[in-house]
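Below is one structure; the comments refer to it alone.
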Amino acid sequence: MKTSRFYLAVLGVLYLFLLGPFLLIFIASFGSEPIMTFPPKGFSLRWFAKVFTVRMFLDAFITSLWIGLASTLSALVLGIPAAYALVRYSFPSRSLLEVLFASPAVIPGLVLGFSLLRFFVLIGNFPIVLGLYVGHTVILLPYTVRVVSASLRNLDPSIEEAAVSLGAPPVRSFFLVVLPNIRAGVMAAFILAFITSFNNVPISLFLTGPGIAALPIQMLIYMEYYFDPTIAALSSLLIVITVLIVQGAERGLGISQYV
Amino acid sequence: MAFLELKQITAGYSKHEPILRDFSLSVERGKLVSLLGPSGCGKTTTLRLIAGFLTPREGRIFLNGKDITQAPPHTRNIGLVFQSYALFPHLTVFDNVAFGLRMRKVPKDELVERVSKALSITDLSGLEHRFPSQLSGGQRQRVALSRALVIEPSLLLLDEPLSNLDAKLRVGMRAELSRIQKTLEITMIYVTHDQVEALSLSDEVVVMQGGRIEQIGSPHQIYRYPATPFVARFLGFDNRLQGTVTAVNPDYGVLSVRGQQFTFSMKAVPNEPEHFSFLQEGEDVEILFRPEDARIEESSGPNSLEVRVLFGTFLGKAVQYLVRFQDQEMTVLCSEGYRFQEGQRAFLRLDPNTWFLVRKE
Amino acid sequence: MPPAAVKTTLLLLLPALLAVGAFLLLPLGFILFESVYLEGRGFTLYMYLSYLSDPKFHTIFLRTLKFGLIVTGVSAILCYPASYAISRTDQHRKSLLMSIVILPLMTSPVARTYAWMVILGRFGLINQTLKSAGLIAEPLRLLYTEGAVIVGLLQLFLPLMVLNLVSAMENISPELEEAAQSLGANRWVTFFRVVIPLSADGLVMGSVLVFTGSITAYVTPAILGGTKILTLATLLQQEAVVFMNWGGATVIAVVMTVLTILLYLGVRTLRPRIA
């Protein structure tokens, strides 16, 4: 156990740097002036109230929520069987496929968003919202595959054979015996993926149009025109929600090992 | 046809060399048969074949008269106890044991009764609601056993089930397994690399190596009359002595070990085929014998060799001497306490009834 | 593999494969195609040549690389002692520390970056503090500078480096350090001779992730650099959405992708043990 002063100092500096800005934005969102200043003058909750009245924020929130849910579930439905095949079976092209499924995380998100825009929307007349959904699903796939693979590797393969030997046909044995035991991994993957989708900018940036904008993009647009603390208030809300989810996930699932 | 028949099986995992080639095995109903051999000999492959997790490339498998070669594993009604126990971590002991019954849609009352009975046979009553992570190694092993037994399988396969237990537990569990097998009269096939396990449990031992059967016999037969050099060495014939056959006739033979004469009877060892039939005058042979089957004495006698004692190790119930004859070293187990000093000359006395002769390679 | 298992494997992998093929490979292939095919001229490298020879592009390109190197370098140096400390604490505290460290990675990038505007803005924390301390009369221009972007990037990528280093260090048994000390090495020597070499893989992986992340990051340079300080990412967005210069945009996109892939491949060949 290193209680040396040096390490404490380094950790202190690091965490101050990482967390400080969040605290500041939290404080700033309570100011009463319509200009972002620090320290804020006065105390008011009006900016928080304002957040809920701005139409575009509400719409964008709903959009991000739906897209997040849809793409996370899709990434799980695609990723769980793929992870199972990668972990339990061995075949010649396996490492190639592992790379392939990890590639959406390697390719810069911006490039992916841009190429989806060009290819599907401008060329193929694909509706923007579908492009957004598809783009999010693809970038979430590496997360679901990786996390579920890790859970599967920690599971003794003999229990599937035990279930089969006791009379459960293979597909059923997956649902009865494998799925319940990778539940923690699946939940961690869900939370990780959903947060990634909700906060995503590179894909959503390009796949935006009349009526369709993800929340982060909407915030960026707002920031271009207004300089009041509304964004600070919204940011504070988002940060608090994220902290609660991450802390809960860490305590319940130990999510930091999957990031 | 026997209860379980494997006929001319060729099977393996990858495209290359199959592990078993033209392999055949018969198991009588109600018997406990061990597959004994070193790792890689094919014993686990055989087990997985019977269970249905491996399909043979050639050959057929018959269980109770029925051809099950192509039958999927979940239809075979064969109980399996894995080396790692493979208990379902998310289910209680009760649910683990009940799993197979649920697959068979056994009605609730009967299910509860059968599970309780299975748990009491393996001395687990009272632990129904615990999870595997809350059990000791020995308890987990017994849950794995109950789970496989409760479905009343036609056959029980066990893959080194005791190897993860400590020595004392292992001895206790061995006795338990034997008792259960005899009480239920269930046919068991037991895979192990531990000869003591195989010898103590089995009605019949199948010694395997390199995908082939080296010998099948009762524990006594295997132990006393190994049929091949491999079986002999695997079963503890650790010592070897070089010699040459100097005379052979229908009643007895004579070996010379660097001038020392050894005489032995040619009459076939009871129940064993021509043990010494290959011997010809002038043939170079190796004498294989067990440390506990030789004696060290102060004075010379028939079939003995002058040796020098190198040192003795006290093992508690015996003293293990390392002795040297010219350039060959051998170990001898002596249960009479320390009698010989380091460097002392003594006489190694062999008993032809317990040795094994092999043609020199 | 027996044929039945082949069929199952294929079935399990097919949906994901199709998704990646149709929604990643195809679009990427398309823009690659677009970057070398010009209406009327056929296959040509014209767009690359004209775009890449533009000195303004050079400035932005080099600046982006500079950011990447600085952020990676600072992360490596700062995170080493911090990660070491975290990896050696007890389970309870470690879990808490780690859950805090991943916070910047989990929060909305807009929110996170906006916080820096509060700190660096004309009426932000730094300026207000300096003003009330009487050190300056006019607010300093801190936003829309290279420094602002770098600081913003650090807040995002320090956690990433910590994650990689901590996981690498957790694999170094404390017994190794004790062995070194029993042989006469003091704390510093042990750190440099035992801990650092054994965690080198984590450092390399972390550096690659931080570097590629920095050069492709969008939100931070967009908010903290604005149109004054452009990086490859913000340039791409500008060309694509503002100027509708598809040719230029595809060139930038390809350059970014090639750079990233080369870095990953480079790491894989130099240090094959890293997955």
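State yes or no: is C:Ala240 of a type in the set (A, V, I, L, M, F, W, C), within 18 Å of A:Val201 (Cβ to Cβ) and touching a residue at least 24 places away in the same chain (Cβ under 8 Å)?
Details: of a type in the set (A, V, I, L, M, F, W, C): yes; within 18 Å of A:Val201 (Cβ to Cβ): yes; touching a residue at least 24 places away in the same chain (Cβ under 8 Å): no.
Judged against the criteria, C:Ala240 is not a match.
Facing chain A (nearest Cβ under 9 Å), touching a Leu at 6+ places or on another chain (Cβ under 9 Å) and of a type outside the set (D, E, K, R): is that true of B:Phe88 in this structure?
Numbers: facing chain A (nearest Cβ under 9 Å): yes; touching a Leu at 6+ places or on another chain (Cβ under 9 Å): yes; of a type outside the set (D, E, K, R): yes.
In short, yes.
From (1) surrounded by fewer than 15 Cβ atoms within 10 Å (Cβ to Cβ); (2) within 30 Å of C:Val195 (Cβ to Cβ); (3) away from chain A (no Cβ under 12 Å), pick out the condition that doesn't hold for C:Ser53.
All conditions pass for C:Ser53, except number (2).
If I go through the stretch B:54-99 residue by residue, how many of them are in contact with a strand residue (DSSP E or B) (Cβ under 9 Å, 6 or more places away or on another chain), within 30 Å of B:Ser136 (Cβ to Cβ) and among the aromatic types (Phe, Trp, Tyr)?
1
A quick yes/no check of all residues on (1) surrounded by 12 or more Cβ atoms within 10 Å (Cβ to Cβ); (2) facing chain A (nearest Cβ under 7 Å):
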| site | (1), (2) |
| --- | --- |
| C:Pro15 | yes, yes |
| C:Ala22 | yes, no |
| C:Tyr37 | yes, no |
| C:Leu49 | no, no |
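So which of B:Leu124, B:Leu169, B:Leu165 is in the same structural domain as B:Ala86 (by TED's automatic domain parsing), modelled with pLDDT under 90, assigned to a loop (DSSP other than H, G, I, E, B) and farther than 20 Å from B:Leu47 by Cα?
On the way: B:Leu124 fails: modelled with pLDDT under 90; B:Leu169 fails: assigned to a loop (DSSP other than H, G, I, E, B).
Just a single option satisfies the conditions, and that option is B:Leu165.
For the stretch B:189-221, enumerate the residues that are surrounded by 21 or more Cβ atoms within 10 Å (Cβ to Cβ) and of a type in the set (D, E, K, R).
Our first condition is that a residue be surrounded by 21 or more Cβ atoms within 10 Å (Cβ to Cβ); within the stretch B:189-221, this holds for B:189-192, B:197-198, B:201-202, B:205-208, B:211, B:214-215.
Within the stretch B:189-221, B:Glu197, B:Glu214 qualify.
Looking at the stretch A:138-166 only, could you name the residues that are within 14 Å of chain B (Cβ to nearest Cβ) and either touching a Pro at 6+ places or on another chain (Cβ under 9 Å) or buried (at least 24 other Cβ atoms within 10 Å of the Cβ) (or both)?
Initially, the stretch A:138-166 is screened for residues within 14 Å of chain B (Cβ to nearest Cβ), giving A:151-152, A:154-166.
If the condition is that a residue be within 14 Å of chain B (Cβ to nearest Cβ) and either touching a Pro at 6+ places or on another chain (Cβ under 9 Å) or buried (at least 24 other Cβ atoms within 10 Å of the Cβ) (or both), then A:Leu155, A:Asp156, A:Ile159, A:Glu160, A:Glu161, A:Ala162, A:Ala163, A:Val164, A:Ser165, A:Leu166 are the ones that fit.
Limited to the stretch A:185-243, what total is found for residues that are among the acidic types (Asp, Glu) and assigned to a helix (DSSP H, G or I)? Outline the logic, then answer.
Let us first name the residues in the stretch A:185-243 that are among the acidic types (Asp, Glu), namely A:224, A:228.
Retained after the next criterion (residues that are assigned to a helix (DSSP H, G or I)): A:224.
Matching residues across the stretch A:185-243 total 1.
Which of (1) away from chain A (no Cβ under 14 Å); (2) of a type in the set (S, T, N, Q); (3) surrounded by fewer than 17 Cβ atoms within 10 Å (Cβ to Cβ) does C:Thr129 not meet, given it meets every other one?
Just one mismatch for C:Thr129, condition (1).
Please go through the stretch A:170-188 and pick out each residue that is aliphatic (A, V, I, L, M), within 11 Å of chain B (Cβ to nearest Cβ) and either within 18 Å of B:Leu87 (Cβ to Cβ) or in contact with a helix residue (DSSP H, G or I) (Cβ under 8 Å, 6 or more places away or on another chain) (or both).
Residues of the stretch A:170-188 that are aliphatic (A, V, I, L, M), as a first pass: A:171, A:176-179, A:182, A:184, A:186-188.
Filter once more, so that each one left must be within 11 Å of chain B (Cβ to nearest Cβ): A:171, A:176-179, A:182, A:184.
Passing the criteria: A:Leu176, A:Val177, A:Val178, A:Leu179, A:Ile182, A:Ala184.
Report the residue count in the stretch C:91-119 for those that are more than 7 Å from chain A (Cβ to nearest Cβ) and over 22 Å from the mean Cα position of the chain (by Cα).
5
Would you mind finding the one in B:Ser14, B:Ser84, B:Ser34 that is in the same structural domain as B:Glu214 (by TED's automatic domain parsing), out of contact with any Lys or Arg (no Cβ under 8 Å at 6 or more places or on another chain), at pLDDT 95 or above and not aliphatic (A, V, I, L, M)? Walk me through how you get there before you give the answer.
Values: B:Ser14 fails: at pLDDT 95 or above; B:Ser84 fails: at pLDDT 95 or above.
So the residue among B:Ser14, B:Ser84, B:Ser34 that is in the same structural domain as B:Glu214 (by TED's automatic domain parsing), out of contact with any Lys or Arg (no Cβ under 8 Å at 6 or more places or on another chain), at pLDDT 95 or above and not aliphatic (A, V, I, L, M) is B:Ser34.
Taking C:Ser75, is it within 10 Å of another protein chain (Cβ to nearest Cβ), part of a helix (DSSP H, G or I) and of a type in the set (Gly, Ala, Ser)? Can you show your working first?
Details: within 10 Å of another protein chain (Cβ to nearest Cβ): no; part of a helix (DSSP H, G or I): yes; of a type in the set (Gly, Ala, Ser): yes.
Spelling it out, it is not the case that C:Ser75 is within 10 Å of another protein chain (Cβ to nearest Cβ), part of a helix (DSSP H, G or I) and of a type in the set (Gly, Ala, Ser).
Take B:Leu145 and tell me if it is closer than 19 Å to B:Glu197 by Cα and either not assigned by TED's automatic domain parsing to the domain that holds B:His90 or not in a helix (DSSP H, G or I) (or both). Spell out how you get there, then give the answer.
Values: closer than 19 Å to B:Glu197 by Cα: yes; either not assigned by TED's automatic domain parsing to the domain that holds B:His90 or not in a helix (DSSP H, G or I) (or both): no.
Judged against the criteria, B:Leu145 is not a match.
Tell me which residues, restricted to the stretch B:123-141, are surrounded by 15 or more Cβ atoms within 10 Å (Cβ to Cβ) and under 13 Å from B:Asp95 (Cα atoms).
First pass over the stretch B:123-141, keeping only residues surrounded by 15 or more Cβ atoms within 10 Å (Cβ to Cβ): B:124, B:127-128, B:130-132, B:135, B:138-141.
Across the stretch B:123-141, the qualifying residues are B:Leu127, B:Glu128, B:Arg130, B:Phe131, B:Pro132.
Is it the case that C:Val189 is part of a helix (DSSP H, G or I), more than 11 Å from every other protein chain (Cβ to nearest Cβ) and without any contact (Cβ under 8 Å) to a residue 40 or more places away in the chain? Lay out the reasoning, then the answer.
On the way: part of a helix (DSSP H, G or I): yes; more than 11 Å from every other protein chain (Cβ to nearest Cβ): yes; without any contact (Cβ under 8 Å) to a residue 40 or more places away in the chain: yes.
Yes: the conditions hold for C:Val189.
Considering only the stretch A:210-239, state which residues are more than 10 Å from every other protein chain (Cβ to nearest Cβ) and among the hydrophobic types (A, V, I, L, M, F, W, C).
Correct list: A:Ile212, A:Ala213, A:Ala214, A:Ile221, A:Ala233.
May I ask you to verify whether C:Val151 is crowded, with 22+ Cβ neighbours inside 10 Å and on the phi < 0 side of the Ramachandran plot?
On the way: crowded, with 22+ Cβ neighbours inside 10 Å: no; on the phi < 0 side of the Ramachandran plot: yes.
Here the answer is no, as C:Val151 does not meet what is asked.
Could you please tell me which pairs satisfy a Cβ distance under 7 Å, a separation of 6+ or placement on different chains, a first residue in the stretch C:136-150 that is in contact (Cβ under 8 Å) with a residue 12 or more places away in the chain, and a second residue that is of a type in the set (Ser, Thr, Tyr) and not in a loop (DSSP other than H, G, I, E, B)?
Once the first residue is in contact (Cβ under 8 Å) with a residue 12 or more places away in the chain and sits in the stretch C:136-150, its partners that are of a type in the set (Ser, Thr, Tyr) and not in a loop (DSSP other than H, G, I, E, B) give C:Val149/C:Thr220.
Assuming C:Gly184 fulfils every condition listed in (1) on the phi > 0 side of the Ramachandran plot; (2) crowded, with 20+ Cβ neighbours inside 10 Å apart from one, which condition is it?
(2)
Quick one: B:Val205 ticks every box in (1) at pLDDT 95 or above; (2) under 21 Å from A:Glu160 (Cα atoms) except a single one, so which number is it?
The one condition B:Val205 does not meet is (2).
Among the listed residues B:Val143, B:Val205, B:Val171, which satisfies the condition of being touching a Ser or Thr at 6+ places or on another chain (Cβ under 6 Å) and either within 14 Å of chain A (Cβ to nearest Cβ) or of a type in the set (A, V, I, L, M, F, W, C) (or both)?
Details: B:Val143 fails: touching a Ser or Thr at 6+ places or on another chain (Cβ under 6 Å); B:Val171 fails: touching a Ser or Thr at 6+ places or on another chain (Cβ under 6 Å).
Going through B:Val143, B:Val205, B:Val171 in turn, just one is touching a Ser or Thr at 6+ places or on another chain (Cβ under 6 Å) and either within 14 Å of chain A (Cβ to nearest Cβ) or of a type in the set (A, V, I, L, M, F, W, C) (or both): B:Val205.
Of all residues being facing another protein chain (nearest Cβ under 9 Å) and of a type in the set (Gly, Ala, Ser) in the stretch B:39-57, which is surrounded by the fewest Cβ atoms within 10 Å (Cβ to Cβ)? Just the residue, please.
B:Ala51
The values are calculated or read from the model by the stated rules, or taken from the named source; none is laboratory data. It should be emphasised that the depicted structure is a prediction, and the values quoted were computed from it without experimental measurement. Quick reminder, even Gly has a Cβ in these numbers, built from the backbone with ideal geometry, and neighbours come from all protein chains shown.
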